[in-house]
Amino acid sequence: MFGTFRNFCLQEDGAVTVDFVVLTAAVIGLGLGVILTISNGATDYSGSVGNYLTAQTVTSTYD
C-alpha cells in the first residue's frame, strides 16, 4: 500500500496540465478584474461622447 502511494506521489505525468489550468484561471481572473474596474468609467465616458455628438448639427453646405 505504501509503495503504491509513493509511486503515485513520484509520478510527474499531468503536471503540465495542472500548471496550465492554474495559469489559465489566473489569466481569466485578472481579465475579469480589469473589465470590472474599467467598465463603469468606459460606460460613463461613452455616454458623454454620445450626448456631445447628439447635440452637434450637421450642415450640408459649405460657407
Worksheet item: Does region 14-29 contain any residue that is in a helix (DSSP H, G or I), modelled with pLDDT under 90 and among the charged types (D, E, K, R)?
Response: yes
Practice prompt. List the number of the failed condition for Ser46; all other conditions in (1) surrounded by 10 or more Cβ atoms within 10 Å (Cβ to Cβ); (2) not in a helix (DSSP H, G or I) hold.
Written response: (2)
Worksheet item: Considering only residues of region 30-63 that are at pLDDT 90 or above and aromatic (Phe, Trp, Tyr), which is farthest from the chain's Cα centre (by Cα)?
Response: Tyr52
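Val58: without any contact (Cβ under 8 Å) to a residue 12 or more places away in the chain, hydrophobic (A, V, I, L, M, F, W, C), in a helix (DSSP H, G or I) and out of contact with any Pro (no Cβ under 6 Å at 6 or more places or on another chain), yes or no? Full working, then the answer.
Numbers: without any contact (Cβ under 8 Å) to a residue 12 or more places away in the chain: yes; hydrophobic (A, V, I, L, M, F, W, C): yes; in a helix (DSSP H, G or I): no; out of contact with any Pro (no Cβ under 6 Å at 6 or more places or on another chain): yes.
No, not satisfied.
The values are calculated or read from the model by the stated rules, or taken from the named source; none is laboratory data. Just so it is clear, the model here is predicted, and its values are computed rather than measured. Cβ coordinates were reconstructed from backbone atoms using ideal geometry, including for glycine residues, and neighbour counts include every protein chain displayed.
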